[in-house]
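Quick notes on the structure that follows.
Please treat every number below as a calculation from the coordinates, not as lab data. Quantities reported herein were computed from a predicted structural model and do not represent experimental measurements. Neighbour counts run over all protein chains shown; Cβ positions are idealised from the backbone, glycine included.
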Amino acid sequence: MKISEARQTYNAQIRAYREQYVALSKQKQELEKKMQLTPDGKEVFANEAAVLELTMQALDEKQTEYKDYMAKLLEQETSIANAVSSEQQGEAMAEYYEDLGKIMEVARRIMNGGIVPASDEKKLMEYSQELYQAAKNIGMLAKKREEYDTLWGEEEETVNEDPREVAANSEAFADGPEVADVAETVASAVEGAAMEACGGVVY
């Protein structure tokens, strides 16, 4: 599963579990009010309160499991994006120094009276107007004129991928926790709590 897909799946799970937890918290508050208003309310509503508490605990545990996985997923995504970004910066730096070497070679050729392509002259001019003028002035004194091909050849425009996009489309480090529907988790917790309240005997 790709990181972006895993993020989408588990974000939806966390949201669903949080919403259910909030709904049960409201039920719990209402039950606590009933317990206070009813004579012997704690005993009367003991089973209902226990079931509610255990259900909320089950939801919280599952939500924590999802959140822990999401935190590790985010860490992986950030790590991949940073690695891609560093690689791109390294490539850009290497390309810059390669271009700088070519620019200096163009200046040397012009100083020696060489005839270089207009595109190469333009690159030298863009890099440094002063260096370009100095090279041209010195080159005027040269007696021999040699013609050169461009040092750059056919240039391709480099298009760097977005590091975050690369990271999002990478495979997740591991399969995430089981995706359990919130209604199933609630039903399972209620059933377990009911059995526990009846001493493990279902009538």
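Could you work out how far apart the two model spin labels at Y127 and M1 are, taking each label as a point 7 Å from the Cα in the direction of the beta carbon, and quote it in nm?
Placing both labels 7 Å beyond Cα along the Cβ direction yields 5.2 nm.
How much length would be gained if the chain were fully extended between R15 and F173, taking 0.36 nm per residue of separation minus their Cα-Cα distance, in nm to one decimal?
Here the answer is 54.6 nm.
Q57 to Q27: extension gain in nm, 0.36 nm per residue of separation minus the Cα-Cα distance?
9.4 nm
So which aspartates and glutamates pass the test for K62, namely a Cα distance under 17 Å, with those fewer than 8 places away in the same chain ruled out?
Output for K62: E19, E53, D175, E178, D181, E184, E191.
Between the helical axis of 3-37 and the dominant principal axis of the chain, each derived from Cα atoms, what acute angle in degrees is found, rounded to the nearest 10?
That works out to roughly 30 degrees.
Under a point spin-label approximation (7 Å from Cα along Cα-to-Cβ), what is the K67-K34 distance to one decimal in nm?
Inter-label distance under the simple model: 2.8 nm.
For A142 and K42 in one chain, what is 0.36 nm times their gap in residues minus the Cα-Cα distance, to one decimal in nm?
Values: separation 100, 0.36 × 100 = 36.00 nm, distance 10.56 nm.
That pair, A142 and K42, stretches by 25.4 nm at full extension.
Convex hull over the Cα atoms of the chain, averaged projected area in nm²? Mind dumping the intermediate values first?
Working: hull surface 74.3 nm².
Here the figure is 18.6 nm², rounded to one decimal.
Exactly which trypsin sites (Lys or Arg not before Pro) in region 95-203 are in a DSSP loop and have at most 11 other Cβ atoms within 10 Å?
Values: sites: K102, R108, R109, K122, K123, K136, K143, K144, R145, R164; in loops: K143, K144, R145.
Sites meeting the loop and neighbour criteria: K143, K144, R145.
GluC sites (Glu not before Pro), restricted to region 107-189: which are DSSP loop and have at most 15 other Cβ atoms within 10 Å?
Working: sites: E121, E126, E130, E146, E147, E154, E155, E156, E157, E161, E165, E171, E178, E184; in loops: E146, E154, E155, E156, E157, E161, E178.
Passing both the DSSP loop test and the Cβ count: E146, E154, E155, E156, E157, E161, E178.
Using the alpha-carbon atoms, what tilt in degrees (0 to 90, nearest 10) does helix 182-197 show relative to the longest principal axis of the chain?
So the helix axis and the longest Cα principal axis differ by about 30 degrees.
As I understand it, the value is the acute angle between the Cα axis of helix 46-111 and the longest principal axis of the Cα atoms of the chain; what does it come to in degrees, rounded to 10?
0 degrees
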